[in-house]
Amino acid sequence: MIVRKGILSVLTALSSLVFVGRLVQLQIINPTYKTLSENNAVIKRYVFPERGFIFDRNGKLLAANQPAYDLLAVPENTQPFDTLEMASMLKTTADDLRGKIRSANRFSKKLPSIIVPQISSEDYAAFQEKIWKYPGFYSQKKFIRDYRYPIAANILGYISEVNPSEIKKDNYYSQGELIGRQGIEKYYENLLRGKKGMQYFQKDRFNRIIESYKEGDYDVPVVNAEDITLTIDAELQFYGQSLLKNKRGGIVAIEPSTGEILALVTAPTYDPNILVGRNRSENFKKLALDTLAKPLFDRALQAQYAPGSPFKTLNALIALQENIITPDTKFRCDGGHYYAAGAFMQCHCNFGSRNNLMRGIYQSCNTYFAKTYRKMIESYSSPEEGVNRWHEHLSSFGLGNYLGYDLPIGKSGFIPDASYYNRFYKEGQWKAPTIISNAIGQGEILTTPIQMANFTAAIANRGYYIKPHFLKRVKTENTDSIYERNYTTIDEKHFDTVIEGMYRTVENGTARIARIRGIEVCGKTGTVENFVKIDSIKTQLSDHSMFIAFAPKKNPQIAVSVFVENGYWGGRWAAPIASLVIEQYLTGAVKRKWLEKRMVEGSLLEEYKKPYSGKPFKINE
């Protein structure tokens, strides 16, 4: 009997231990039930930091913030209400409101969902007085952008709501939150967004908030965002945009000694504020559907053009480095150059001209550079070796590859090498005359306006460039590495002749329109042939206008490239626009008002209607 009682006691004790152990496992070790319990009793709400401000190089505020409000609802707490009244107050439609509520019910009846996002302060102030009529609804404050000037949309980018794939990729974000898109807003998202905080609230059994959970002990404080200072000059950016009004093209201005981008203009452009708020999607769609003017296409970074005659400066430097010519080498020009039987490259030099290198640059002699290029390619054991050596030099100027500046878009351009020509022609079936267009920046060569400005800065620096960039200063980041020098393969001693030729181009050559009293400007004009296929036929349209320049000649402070589509020739649009940008930046005011007026009021819209099968297009201004 005693033994039986002992066994029963042991079994009871063991059963109790098993039961207690299971409770410990469920309630303490395994957090699942604790989490479920808290999910039913506790609600969390995000607290959003104000997005970081963006300033220009002179401290002008470019991007600030304005408050906006999201209207959220917990479906099981809502009651039937007048959807027409709410929709009217919040400037949405009743159908959209009903659709959002149905979506919220499908998502979760107990958890909050955003019903109306980004309500303006004015609309919310009126709605707040009547929010008591809508049980289950509450607001959440956030910040949306306020772009202070109608400039630099292509640089700044914009912010919009995250999509499901972005939420999966980065669990920091939740539905309805904002993320940087394009430009600086995207590239420096982690700095500009800060880190959101969290508040926890206790709910009762009716799912109503009754108090702060545990007196806020578990709340997570907000981490403030960083303010960043950009390299661009807001006034210069605005001025550049005015000069390209009613034109298509790009302007890039760089400070040679630092690689800092002073202005990056693409035309046509738009006011960045139209991509703020609830009308963003509608406005973005209008911009995207304008496939003629392409306002969303950043021509300064993405458009790839033949560089034209400015490219002659690089061919001159390569030929000097390779000992193909000297500054005193002369070639005769008879109004052009026969480079093969029946193949003639026209030139504007007088018949019988004898040009040295400097004169070849400022007279932009096609014959001089065709003969120089041919001699260079033929000085090697094979054309392949010559072209590859030429390609190597050009790569050192940042051509043929994406420069890696701090914007998330861009094109690499193209510099052909021997492998390209061996694919295009049969191996051994091409020689220097076959590719002679490379001598004058035509042929297969493609560059972007920012690449053109960058190699102009390398010439101004006499042999090196600093990677172009937009970030000038941020408190928590060390920017020293941004200013690392990238050296070209050309010795410093060879730059003086080319720079002097560029100076004379402006003083008494093809770019006299770009002269500025009291400032030594060095430049090179370009008239770029423009071919497109129309009904499968290669058709030549109006030439593009191109110009590169830097100033002053000694201690250069600005390097500029300007490209104007269908602008006829370099001295007509690109050269005067570049010189006005230089004058504005270096002196703070433009004295040549007659030239400024001509450029600001000048329009190429009629030109852009011409080439398409003779049928004019409507231009969206």
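The length gained by stretching the chain between Ser381 and Gln304 to full extension, at 0.36 nm per residue less their Cα-Cα distance, is 24.5 nm.
Treating each Cα of region 80-194 as one equal point scatterer and applying the Debye formula with no solvent, the log10 of I(q)/I(0) at q = 0.18, 0.21, 0.22 Å⁻¹ comes out as -1.07, -1.24, -1.29. Could you work out the helix-only [θ] at 222 nm for the chain, with each DSSP H run of four or more residues adding -39,500 (n - 2.57) and the total divided by the number of residues, to the nearest 500 deg cm²/dmol? Estimated from H runs of four or more residues: -9500 deg cm²/dmol.
Once backbone amide H atoms are built at 1.01 Å from N, Leu262 has Ala253, Ile254, Glu255 as its partners under 5 Å, excluding neighbours fewer than 5 places away on the same chain. Taking a ≥ b ≥ c as the square roots of the eigenvalues of the Cα gyration tensor, region 479-599 is oblate, since a/c reaches 1.5 or more and a/b is not larger than b/c. On full extension, the segment bounded by Asn422 and Asn350 gains 22.2 nm, given 0.36 nm per residue less the C-alpha separation.
Working from the Cα coordinates of region 190-272, the gyration tensor eigenvalues give, after taking √(5λ), semi-axes of 50, 18, 8 Å in decreasing order. Its Cα centre serving as origin, the chain has a Cβ charge dipole (Lys and Arg +1, Asp and Glu -1) of approximately 820 debye. If you plug the beta carbon distance of Trp132 and Lys475 into 1/(1 + (r/R0)^6) with R0 = 45 Å, you get a FRET efficiency near 0.55.
Database remark: amide H of Ile144 closer than 5 angstrom to the amide H of Gln66, Ala68 (H placed geometrically; neighbours at sequence offset of 5 or more, or on other chains; Pro and chain starts carry no H). Judged by the ratio a/c of the largest to the smallest principal axis of the C-alpha gyration tensor, region 116-179 counts as oblate, that ratio being 1.5 or greater while a/b is no larger than b/c. By the count of other C-beta atoms within 10 Å, a proxy for reagent exposure, Trp390, Trp132 are ordered fewest to most as Trp132, Trp390.
Taking other residues whose beta carbon is less than 9 angstrom from the beta carbon of Ala225, and scoring Lys, Arg as +1 and Asp, Glu as -1, yields 0. Taking amide H positions as modeled 1.01 Å from N, with prolines and chain starts lacking one, no residue 5 or more places away or on another chain lies under 5 Å from Thr269.
Residue separation of Lys609 and Tyr402 scaled by 0.36 nm, minus their Cα-Cα distance, works out to 71.3 nm of gained length.
For the listed residue pairs Lys524/Lys610; Lys60/Lys411; Lys44/Lys195, the alpha carbons are over 19 angstrom apart in Lys524/Lys610; Lys60/Lys411.
Write down the percent of antiparallel bridges among all DSSP beta bridges whose residues are both part of the chain, to the nearest 5. So the antiparallel bridges in the chain amount to around 95 percent. Identify the residues of region 215-230 with backbone N under 12 Å of a label point that sits 7 angstrom from the Cα of Asn65 along the Cα-to-Cβ direction, or state none. Taking a point 7 Å out along Cα→Cβ of Asn65, the residues of region 215-230 whose backbone N falls under 12 Å are 222-227. The mean sequence separation of alpha-carbon pairs under 8 Å and at least six residues apart, normalised by the residue count of the chain, gives a relative contact order of 13 percent. List the GluC sites (Glu not before Pro) in region 412-516 that DSSP assigns to loop (not H, G, I, E or B) and whose Cβ has at most 11 other Cβ atoms within 10 Å. Which are they? Taking region 412-516 and a limit of 11 other Cβ atoms within 10 Å, the loop GluC sites (Glu not before Pro) found are Glu427, Glu484. Using Cβ point charges alone (K and R +1, D and E -1), the dipole size of region 430-529 about the Cα centre works out to roughly 300 debye. With the largest listed first and rounded to whole Å, the semi-axes of the equivalent ellipsoid of the chain from the Cα gyration tensor are 63, 30, 23. Placing unit charges on each Cβ (+1 for Lys and Arg, -1 for Asp and Glu) gives the chain a dipole about its Cα centre, and among Leu403, Ser88, Leu262 the Cα reaching farthest toward its positive end belongs to Ser88. Here is what passes the span test in the chain: the DSSP H helices with alpha carbon length of 15 Å or more along the helix axis and a Kyte-Doolittle mean of -1.0 or above are 2-24, 366-378, 449-460, 495-508, 574-587.
Put a dot 7 Å past the Cα of Gln202, heading toward its Cβ, do the same for Asp290, and the two dots end up 5.7 nm apart. Remark: region 56-71, residue by residue, has Karplus-estimated 3J(HN,Hα) of 8, 5, 9, x, 6, 6, 9, 10, 10, 9, 9, x, 9, 9, 9, 9 Hz, where x stands for each Gly or Pro and the curve is 6.51 cos²θ - 1.76 cosθ + 1.60 at θ = phi - 60°.
Every number in this text was worked out from the coordinates using simple rules, so none of it is lab data. Computed from a predicted structure; not experimentally measured. All Cβ positions, glycine included, derive from the backbone under ideal geometry; neighbour counts span all protein chains shown.
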